[in-house]
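Structure record follows, encoded as structure tokens.
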Amino acid sequence: MPPPPLQKPENVLKRAQELIGVNQAPAALNLLHEHITNKRSRNAPSASLEPVILQLLELAVEQRKGKIAKDALYQYKNMSQNTNIATIESVVKRFIELAVEKVNTAQKKADEVQSSIDANTSNVDDLEASETPESILLATVSGEQSRDRTDRAIVTPCLKFLWEAYRTVLDILRNNARLEILYQTTTFQALDFCLKHLRKTEFRRLCELLRNHVQTAAKYSSQMHAINLSDPDTLQRHLETRFQQLNVAVELELWQEAFRSVEDIHTLLNLSKRPAKNIMMANYYEKLTRIFLVGENYLFHAAAWSKFYTLLCHSASSIATGQSKKSDNPPATDADLQKAASFVLLSALAIPVISTSRSRGAMVDFDEARKNKNSRLTHLLGMNQAPTRGRLFKDALSKSLLQRARPEIKDLYNILEVDFHPLSICKKISPILTKIGADADMERYIQPLQQVILTRLFQQLSQVYETVDLSFVQSLAQFPEPYQVDRGTIEKFIMNGNKKGDLAVRMDHSTGVLSFDNDVFSSSKAGHTGSGAGSAESETGAVQRLQNTPSEIVRSQLTRLAKSLFTTCHYIDPEMNKDRIARRNAALARAKAGAEQEHIDTFARKDIIEKRKADASKIQADRDRENARQKMLREQALAEAEAKRLAAEQKEREEKRIKAEHDRVRKEEIKKQIAELNMNDKAIELDLNDIDNIDTNRIRAMKLAQLEREKNDVNERLRITGKRIDHLERAYRQEEAKKLNADYEKQIEQDRAIYETVKEKTLKEAEAKHKESVELKHRLSRLVPEYESFRASLHERRRDEFEKRRRDAERELEKQIANRKKEHRERKLREKREQEERERELREAEERAAREAEERAAREEARKAEMAKLKEQREKERQEMSEKVALQQRREEEALARRKAEKERGPAVPIRGAPTESSEGRRPPVFGAGKWREREASGPTDGDQPPPARAVPFVERSDSNERPSGAPRLPLAGNKPSWREREAAKAASSGGAGTPPPNADSAPPPRRFEAPRGAPMDRGNSSRGDSGRESPAPQEKLPSGGAGKYVPRHLRK
């Protein structure tokens, strides 16, 4: 059956609007969807399809049919992306606008519902009575307020549809360079949607969707209209999108997604050839500070603040010098710089000296995973090496941050990093902590600062005391009231410091005494500040030291002894110093002498190492390629084997499936036949479990036998039933005959009584009806005159109107007749003019054809005259050539006669190139050159006659190019001697120098086929003219053997 004819988009849209008018919106949506997804609609112009898709989107949004809208948008994009890209943008924008309007409408409706609920609640007199058991049970089970339930019932479906709309649009617009701006705009709208409605789950999915789109763009970059990630504008748009994504993630407090967004931004920054704007990088570092602070990574948090402050300083200098616009840079006023400097210094001070990470020992924190993590974070900050607490302080001091920072932050730095006051450190810091706690942004640093303060307290106490009471330490560690620490916190801090190896403190809980390690042979890791594996200090230390510990004294004992012995020897033996200086000078001289050679050897060794490394790299690369090739071959073999195995298994499964399907169909057929057999009471006993052994022929035979039995049983029952009915009917009639007379009399009486009753009733009704009719006649007879007068007047009025209409109709008829006659005359005149025009055109065409024929005849006559003239000219040329050939022949005969006469007189053989003069004193004319002339000149000397000319049979010539021979060449301009002529000239010149002439028998001349002089050629079968016509002279042959002059075929006759 052929498919139905394709309707035009206008008709489909009109039909859909009609369906919408009769409240059939689902049917209208299905109609529009079928038309858009129809393959034959692809050739329709986008201008006619755009109203259809817009109407479809409106209906889909109204009915929340996201899948239908998605299919229609994909189909419309495929139809219009190569012809009209603007229509895709308008359709997508309209789709998003409709979805947003739907959400706004739902929110307004939810607000109205909630306001009505609140109004009803406020109007209730008895609040206790308003609590029904159903409402109490619902509130207990759901645990939500009425507002949440209203939003979930009304707003949530619309929000879900809007989210699906954003996803659909982003999937449609992805990896298309011509839709890139619309893709970015839609992404911003989706991010704003997640932020406005606090949709954290959808935000995570949106971030993952955007990452997948970037990966897909890099993978399918060779497709038509694909985006180019190396384009600066494209990368800039993606960077702006990722920065907005980072802002939304921070606002939603999704720190993992924020960190992943930071990684995406860093990757795009590395790919970009254009540097990012300072304002964007300032936002990047500011968000990094918040992410690191939430993750309690205070070290990289301080490093991010340092990069942020450096960027602010750079922006301030750029704006001051006019190198950059103010709009491209973050605000860098003095207040902003002071705030950033304070945060840089405070964040660096808040870096814990003792690591607070959960680990089983000091070495676990520096495993490979942690190094990789630190390396990643370092690259995110754009730093060359991982930051440390000491480097951050050094960098801050080099940038003069102490002068820009707030006074309390500067005092805090001096107390913690410069001064040494173990008994008053907490007392001095308490007012500073109070000021810091008053600032909401700086309050978050108080907890890590407490760890640093306790670390400095114990480090300084360990240099002053060997043992100290724990209650005394607790009295020293006094902080302002909101930030007070208890004894348990101090003990936990001590245990953590011992665990990390940064403290060497022993606690006696029975006496409450803390003992600092004073073992002279203990490791210096705990006593040496910053040397612990879990410490964030630099390797140089940052605590002012009052005195050395016993372990340090023991460690430096040998050093001090060596220094004392050296000083003693210097005073006892002054010559030793001179010898030491002399040895040092000699060593310096030797070093200078061998420095150049050592330098050369070092470079040679470096070249050798580089060469070996290159060779090793090449060998390794070859090995890797070979391994890769072998692996690929193995994988291909395995893949082929697996494919074959899967194909075999698939084929086997298919065969089994087909066989099982056949068996199933056969069993069902057998069961169906058995069920048909068991429909009656006499069921056939068959084992359904043994269906495989039952044959259909057997079942068919059993079915036929059963049908035959049923037929016989029915016939037997019919016979018995008929016999019984006959006997019963006979008995009924015998009994009935006895009572027929009495019943007949009774029936007659009943019929007579009924007749009398009906007759009496009918007479009464007729009499009453007659009386009523007579009364009605007398009552209506008074109206007859009025009726007759009205009828007559109406008849007259209608007749006048009829006559008027009849006259109007006659006038209209006459007018129509006149118009028809006029039209007929005009049509006749028009047809006559058209006929005359056609005849005129026909005559012009005939005249034009006659003129063209005459012109062709004239051109043909001119061409014939020109051909005749050309033929006459060719004939004249042939005659001239014949005369020249005859003249040449006469001259050759005269030359032969003279040579014969000379030979009879006995002259020497003339040498070619040195001609002799004739008896008249002039050179005989020589036409051409060739060996035949030499042979004729050097004929037999013994008086023999020259051999007669060989008779050449006449050859029938079919074409001028197939001539076997011709007359000797004329000495015309441009003729060059052939190879044979040049060889003969050499031989003649060598013979003239004393070499005997070659024998005629030893070197026979080449055979030349020449016709006898004056012998007429047989032209009986020639097609070139009549037999009586004089034949033209033979043409000259070129050195290549072809004819000398080409004669066209139309001139050969």
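Read the figures in this text as sums done on the coordinates, not as results from a lab. These numbers were taken from a predicted model, which means no experiment stands behind them. As a convention, Cβ positions derive from the backbone with ideal geometry for all residues, glycine included, and neighbour counts pool all protein chains shown.
Numbers for the structure displayed
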item: Inverse mean reciprocal Cα-Cα distance (Kirkwood Rh) of the stretch 354-494, Å; result: 17.4
item: Net charge, Arg612 excluded, C-beta distance under 13 Å - Lys, Arg +1, Asp, Glu -1; result: +2
item: Sequence-distant lysines (8 or more away, or on other chains) whose Cα lies within less than 22 Å of Lys903; result: Lys931
item: Two-site FRET efficiency, Leu229 against Leu397, from Cβ-Cβ distance with R₀ of 30 Å, rounded to 0.05; result: 0.10
item: Exceeding the 31 Å Cα-Cα cut-off - candidates Lys307/Lys410; Lys277/Lys435; Lys273/Lys326; result: Lys277/Lys435
item: Nearby lysines by direct alpha-carbon distance to Lys876 (threshold 19 angstrom, same-chain neighbours under 8 apart not counted); result: Lys864, Lys884, Lys1045, Lys1053
item: Amide H contacts under 5 Å for Ala504, placed H, 5+ residues apart; result: Asp517
item: Radius, Kirkwood style, for the stretch 195-315 when every pair of distinct Cα atoms is counted (Å); result: 15.3
item: Label-point gap, in nm, between Leu829 and Ser324 - each point 7 angstrom along Cα→Cβ; result: 9.0
item: Gain in span if fully extended, Asp441 to Lys592, counting 0.36 nm per residue against the direct Cα distance; result: 48.2 nm
item: Contour minus Cα-Cα distance for Glu18 and Ser773 (0.36 nm per residue); result: 265.9 nm
item: Full-stretch length increase - Gln215, Ala818 - with 0.36 nm per residue and alpha-carbon distance subtracted; result: 208.6 nm
item: Distance in nm between pseudo-label sites at Arg798 and Ala868 (7 Å out along the Cβ direction from Cα); result: 10.2
item: Cα-based reach from Lys200 at 22 Å (exclusive), listing lysines while leaving out same-chain residues under 8 positions away; result: Lys102, Lys160, Lys287
item: Distance-filtered residues of the stretch 465-503 - backbone nitrogen under 12 Å, label point 7 angstrom along Phe420 Cα→Cβ; result: 465
